[in-house]
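Remarks on the structure that follows.
The values are calculated or read from the model by the stated rules, or taken from the named source; none is laboratory data. Predicted model only: the values in this text are computed from it and were never measured. Virtual Cβ from ideal backbone geometry, glycine too; neighbours counted across all protein chains shown. Protein only, heavy atoms only, side chains kept; ligands, DNA and RNA dropped before computing areas. Shrake-Rupley method; radii C 1.70, N 1.55, O 1.52, S 1.80 Å.
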Amino acid sequence: MIVNRGCCSLLLKKGSERQRELIRPSLRGDLIWCQLFSEPGAGSDLANLSTRAVRDGDEYVINGQKVWTSLAHMADWMMLLARTDPNAPKHKGITYFLLDMHAPGVTVKPLKQMTGDAEFNEVFFDNVRVHERQVLGEVNNGWAVGLTTLMFERLALGFGLQVRLRISLESMIDLARRMEKDGRAVTSDPVMRQKIAQLWIDTEALKYTGARAITKLLKGELPGPEASAGKMGWVETNQKLQELAMEIEGPYSQLAKGSDRAVDGGFWQYAFLRSRANSIEGGTTEIQKNIIGERVLGLPKG
Ligand SMILES: Cc1cc2nc3c(=O)[nH]c(=O)nc-3n(C[C@H](O)[C@H](O)[C@H](O)COP(=O)(O)OP(=O)(O)OC[C@H]3O[C@@H](n4cnc5c(N)ncnc54)[C@H](O)[C@@H]3O)c2cc1C
């Protein structure tokens, strides 16, 4: 749903009247979107992408492969970056397309994660045809539209997920009240209390950072590189929270779903494993630090 929210903001800013008709069903959740940016040879260095879209009359013909596409196996529509001018500098020859996932020639193959779920996929394009009116923004200007998508996504991750973080924190405090360490409640351990209090402080800070970014959006501005700070803050806080949940469970942290002695049915083990991906999805932590260094602090390029 993070992708859906980011997509609707993007369609509102950049979409044609016809493309904007997709906003309402997407907000209702009747249409599910996925984002096809990453490729086997282009992750952090996204501008290196090699999926080709070649013009043929008023259509484009797409060939290539994407990877790590969340929800592609259940999505109705995709946001796709493809190379339309291989002779232009790599950031300049990319176009942004909106495509029906059920178009002939699209093949989706799920990939299994360490949680056991198959949340993301490989997507293959074999002569997939798309009409030129499905271009979002201008031809060969897809890089700028792609960056705007990522800013919206990071904003949604940083602000939207801090609400979920607050709910996880409340559940973790409840867990700490129920678990014991050396025969005493975990919550009576002063070090644990310090760690829990620090997480509450970090969550509050994220809430206000997110509120500042949302205020900017309400004033009609686009989210800027500060969305990276919100995303990074959320990643670090969520990973710390999940690690602390493992510490609170002590030896029980070894028991996952399927064991009848697993605490809370193995909920925390799943959340801990899933949280490892947070510092990769939506752009890695190293890339967020590069963006903050270069575009917020004005440091020289790495
Ligand atoms: C759960 C999950 C869901 C995802 N969903 C989607 C999706 O829906 N759509 C989509 O398009 N992609 C998706 N991705 C892919 C994700 O965006 C990429 O994995 C990510 O951008 C990193 O690219 P990469 O995996 O190719 O790693 P690489 O780019 O190969 O990076 C490898 C390592 O090198 C570091 N590194 C690379 N370049 C630099 C640099 N310039 N400076 C410092 N360090 C650097 C990285 O930080 C990382 O630690 C998803 C990933 C995950 C884990």
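Taking the residues in the stretch 112-127 that are open to solvent by 40 Å² or more (accessible area, probe 1.4 Å) and in a strand (DSSP E or B) as candidates, determine which candidate is nearest to residue 62 (Cα to Cα).
127
Take the conditions out of contact with any His (no Cβ under 7 Å at 6 or more places or on another chain) and either more than 20 Å from residue 4 (Cβ to Cβ) or among the small types (Gly, Ala, Ser) (or both) and apply them to residue 169. Does it pass?
Taking the combined requirement at face value, the residue satisfies it.
Here is a check on your reading of the model: is residue 96 more than 16 Å from the ligand (Cβ to nearest atom), within 21 Å of residue 144 (Cβ to Cβ) and among the aromatic types (Phe, Trp, Tyr)?
no
What is the number of the single condition among (1) within 23 Å of residue 197 (Cα to Cα); (2) surrounded by 14 or more Cβ atoms within 10 Å (Cβ to Cβ); (3) within 16 Å of the ligand (Cβ to nearest atom) that residue 276 does not meet?
(2)
Determine whether residue 83 is open to solvent by 60 Å² or more (accessible area, probe 1.4 Å), away from the ligand (no atom under 13 Å from the Cβ) and modelled with pLDDT of 95 or more.
No, not satisfied.
For residues in the stretch 11-58 being β-branched (Val, Ile, Thr) and away from the ligand (no atom under 16 Å from the Cβ), which is least open to solvent (accessible area, probe 1.4 Å)?
It comes out as 23.
Look through the stretch 279-302, keep the residues that are assigned to a loop (DSSP other than H, G, I, E, B) and more than 7 Å from the ligand (Cβ to nearest atom), and return whichever of them is surrounded by the most Cβ atoms within 10 Å (Cβ to Cβ).
299
State the number of residues belonging to the stretch 105-158 that are out of contact with any strand residue (DSSP E or B) (no Cβ under 9 Å at 6 or more places or on another chain), within 13 Å of the ligand (Cβ to nearest atom) and among the β-branched types (Val, Ile, Thr).
1
Name the pairs whose Cβ atoms lie under 6 Å apart, with the first residue in the stretch 33-48 and within 12 Å of residue 69 (Cβ to Cβ), the second near the ligand (Cβ under 6 Å from one of its atoms), and 6 or more positions between them or separate chains?
34/69; 36/69; 38/68
Answer with yes or no whether residue 122 is over 15 Å from residue 51 (Cβ atoms) and among the charged types (D, E, K, R).
no
Under 9 Å between Cβ atoms, which residue pairs at least 6 apart in sequence (or on different chains) link something in the stretch 172-200 that is free of Cβ contacts under 8 Å to residues at least 60 places away in the same chain with a partner that is in a loop (DSSP other than H, G, I, E, B) and open to solvent by 90 Å² or more (accessible area, probe 1.4 Å)?
Final answer for the pair search is 189/182.
Report the residue count in the stretch 258-278 for those that are closer than 19 Å to residue 233 by Cα and either in contact with a Phe, Trp or Tyr (Cβ under 6 Å, 6 or more places away or on another chain) or part of a loop (DSSP other than H, G, I, E, B) (or both).
0
Within the stretch 235-247, can one find any residue that is hydroxyl-bearing (Ser, Thr, Tyr) and touching a helix residue (DSSP H, G or I) at 6+ places or on another chain (Cβ under 9 Å)?
yes
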